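The values are calculated or read from the model by the stated rules, or taken from the named source; none is laboratory data. Since the structure is predicted, the reported quantities are computational estimates derived from the model, not experimental observations. Because the Cβ atoms are built from the backbone with ideal geometry, glycine has one as well, and the counts that use them run over all protein chains shown. For accessibility, only protein heavy atoms count, side chains too; no ligands or nucleic acids. Shrake-Rupley method; radii C 1.70, N 1.55, O 1.52, S 1.80 Å.
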Amino acid sequence: GQQLNQSPQSMFIQEGEDVSMNCTSSSIFNTWLWYKQDPGEGPVLLIALYKAGELTSNGRLTAQFGITRKDSFLNISASIPSDVGIYFCAGRAQKLVFGQGTRLTINP
Amino acid sequence: DAEITQSPRHKITETGRQVTLACHQTWNHNNMFWYRQDLGHGLRLIHYSYGVHDTNKGEVSDGYSVSRSNTEDLPLTLESAASSQTSVYFCASSSGGAGGNNQPQHFGDGTRLSIL
């Protein structure tokens, strides 16, 4: 079945640093989604991407739908403490498939 | 505001018991989904529904069942709870017909289920 490889699994950074994470797959997807999950809560949608090559921003967050349709990345600029959490990518062909998550920790 | 709510938020039960987790959405979404979240596995799809009276098996459906008698609700039932089903369960919904293939899913806050 379809699988997503999300990396890195965890990140420890200083406040103010930029963050980059990505998802890759051997399968082609029609849609890429990026979610953030805070402790005790469900994933919340950050960015949705629908076309190969699409680059979309949401405040300090920027995500891109790879040209090959097999990958996507998420960047966070000038990180702040509230960015802490687990970030999930999800790709959809017939079904929505989730990456295993990137746990972001920020040192003030 | 429209929302998706799960209940209970926490439950402890014994092996062999039947357990039902509730999911209720007020967006009038056609599509509803149940996932379980475990360390090292991310979110895995259990069952899903594209409309009233429609149900489909996901990646990890064994030991679970769902029913869709109206648009708003998709209860998840564990017929005979097993310790391997200890997990955090998330319900999600999305708009659009035939699976709403281009519409993002919106998630509830989860149910933490412990089976002793």
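Leaving out same-chain residues fewer than 8 places away, which aspartates and glutamates sit with a Cα under 17 Å from that of A:LYS51?
A:ASP71
For chain A, I need the span (max minus min coordinate) of the C-alpha atoms along each principal axis, in Å, sorted largest to smallest.
The principal-axis extents, from largest down, are 40, 26, 20 Å.
Leaving ligands, DNA and RNA out of it, report the carbon-plus-sulfur percent of the accessible area of the protein assembly as shown at a 1.4 Å probe.
About 47 percent, which is the carbon plus sulfur part of the accessible surface.
With the convex hull built on the Cα atoms of the protein assembly as shown, state its orientation-averaged projected area in nm².
Working: hull surface 48.5 nm².
The Cα convex hull of the protein assembly as shown, projected and averaged over all directions, gives 12.1 nm².
Report the charge-dipole magnitude of chain A in Debye, nearest 20, computed about the Cα centre from +1 at each Lys and Arg Cβ and -1 at each Asp and Glu Cβ. Present the calculation step by step, with values, prior to reporting the outcome.
On the way: 8 positive and 8 negative charges, 103 e Å.
That gives a dipole near 500 debye.
Skip the ligands, DNA and RNA, and give the accessible area per residue of chain B with a 1.4 Å probe, whole Å².
47
Under a point-charge model restricted to the Cβ atoms of Lys and Arg (+1) and Asp and Glu (-1), what is the dipole moment magnitude of chain B relative to its Cα centre, in debye to the nearest 20?
That gives a dipole near 200 debye.
Residues of segment A:42-66 with accessible area at least 20 Å² lower in the all-protein-chain context than alone (1.4 Å probe)?
A:GLY42, A:PRO43, A:LEU45, A:TYR50
Calculate, for chain A, the solvent-accessible area per residue in square angstrom, rolling a 1.4 angstrom probe over the heavy atoms of the protein chains. Provide the component values of the computation, followed by the final result.
Details: 5090 Å² over 108 residues.
Accessible area per residue, chain A: 47 Å².
So who's got an amide H within less than 5 Å of the one on A:ASP71, skipping anything under 5 residues away but keeping other chains? H placed 1.01 Å off N, in plane.
Sorted by chain and number, the residues that satisfy this are A:GLY66.
Restricting things to alpha carbons, tell me how big chain B is in terms of Rg and Dmax, in Å.
That works out to 13.3, 40 Å for Rg and Dmax.
Find the sum over both chains of the accessible area lost when B and A are paired, probe 1.4 Å, and report it in Å² to the nearest 100.
Counting both chains, the buried surface is close to 1500 Å².
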